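Data first, discussion second: the structure below is written as structure tokens.
What follows draws every value from the coordinates through simple rules; no lab data is involved. Keep in mind that this is a model prediction, so the values were computed, not measured. FYI the Cβ positions are ideal-geometry reconstructions off the backbone, even for glycines, and counts take in every protein chain you see.
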Amino acid sequence: MPGSSPISPPEQPTPTRPERVSAVVVDYNAGDALGRCVESLLGEGVGEVVVVDNASVDGSAERARGTDPRVRVLRSEENLGYGRGANLGAGATTGDYVLVSNPDLVLRPGVVAALVAVLDEAPDVALVGPMLLNPDGTVYPSGREFPSIGEALGHAFLGLVWGGNPWTRRYRHLGADQHVARPADWVSGAIFLARRTAWVTVGGFDEAYFMYVEDVDLCWRLRRAGWDVRYEPAAQVVHEQGRSASRHPYRMLLAHHRSMWRFAWRSADGRTRLLLPLVAVGLLLRLLLAWGEHLLQPRERLRHTRQPAAPGSSGAVRSPT
């Protein structure tokens with residue numbers, strides 16, 4: 001059944017020229033996961049890998065440095081957040097295409113070539129995202145629509161207790177849609193390949209988002225600028241989710257809800273702006289409920305928790321929604 005069983009690796013497309021693709025990995029205390037991610041990127045033949053280290057203290061960036069001439073590390077003395085870190089890394093690369101990635105994932109064979117093929121064949125596509133697999137082989141839904149305010153509220157609240165509710169299913173495109181190459185409003189920021197010209201046109205990520213929802217915002221701005229976004233399940237990536245978010249759940253939940261409010265304020269227009277006070281109250285209630293849920297969780301579960309279902313995104317390093 002789609003989304004519930006392990007996925008076989010796809011056939012490998014024809015390799016792309018490495019100098020065309022640069023990879024940016026935003027690291028924050030990702031531990032050994034960073035090394036596995038960098039190794040899988042190098043195995044895909046990318047031309048360069050820039051690791052942007054957000055003041056990690058676990059030695060992950062130091063271990064990645066020097067593993068290969070194609071790997072460089074840019075170290076910040078403070079945590080810049082995911083979007084700002086990705087922008088910094090992208091600005092230090094030269095490839096025609098920029099692959100932006102969390103450090104807690106591993107690319108299966110053929111991912112880069114499959115994503116490059118999409119951008120090569122469709123010059124109007126700015127950004128393409130792969131299929132995301134959980135470590136158990138099940139599919140994490142990417143390639144979603146921008147939710148309406150009603151759909152977002154239904155997904156955010158009912159998603160806590162009823163994951164299969166109609167709002168969540170529509171928003172996440174659950175089921176067979178996850179196995180179909182198709183246009184999408186937005187794809188997860190955990191990993192994607194962007195056309196540099198499009199990325200530069202919109203200025204990359206909006207750095208006002210410290211973490212979460214910056215991927216939704218980026219795709220929204222790209223589409224407003226006339227570009228398309230695609231989801232490509234032939235490219236498959238295994239994602240170990242939420243490594244640092246689980247260490248600071250209350251802070252991350254606050255950042256998540258702030259980001260959702262920023263995007264709601266930015267994207268609402270016309271009569272929908274009249275609903276923004278309702279959205280603000282809903283987000284505050286949602287934040288309090290999410291904090292309460294974490295407070296009641298046993299410590300062991302807290303260490304392995306994922307971010308709650310809400311209209312938002314992935315980041316360095318956190319679970320997508």
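Summary of values
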{"item": "Residues with amide H under 5 Å from that of GLU232, placed H, sequence gap 5 or more", "result": "GLY129, MET131"}
{"item": "Sorted peptide list for 257-270, 49-62, criterion being average Cβ within 10 angstrom, highest first", "result": "49-62, 257-270"}
{"item": "Theoretical gain in end-to-end length, VAL180 to VAL281 [0.36 nm per residue, Cα-Cα removed]", "result": "32.7 nm"}
{"item": "Under 5 Å, built H, 5+ apart or other chain: amide partners of PHE192", "result": "VAL100"}
{"item": "Spin-label zone in region 191-229 - amide nitrogen under 19 Å from a point set 7 Å from the Cα of ARG251 along the C-beta vector", "result": "208-214"}
{"item": "Cβ-derived FRET efficiency at R0 41 Å, GLU145 paired with ALA92, nearest 0.05", "result": "0.80"}
{"item": "Ranking of PHE192, PHE205, PHE146 by count of other Cβ atoms within 10 Å, fewest first", "result": "PHE146, PHE205, PHE192"}
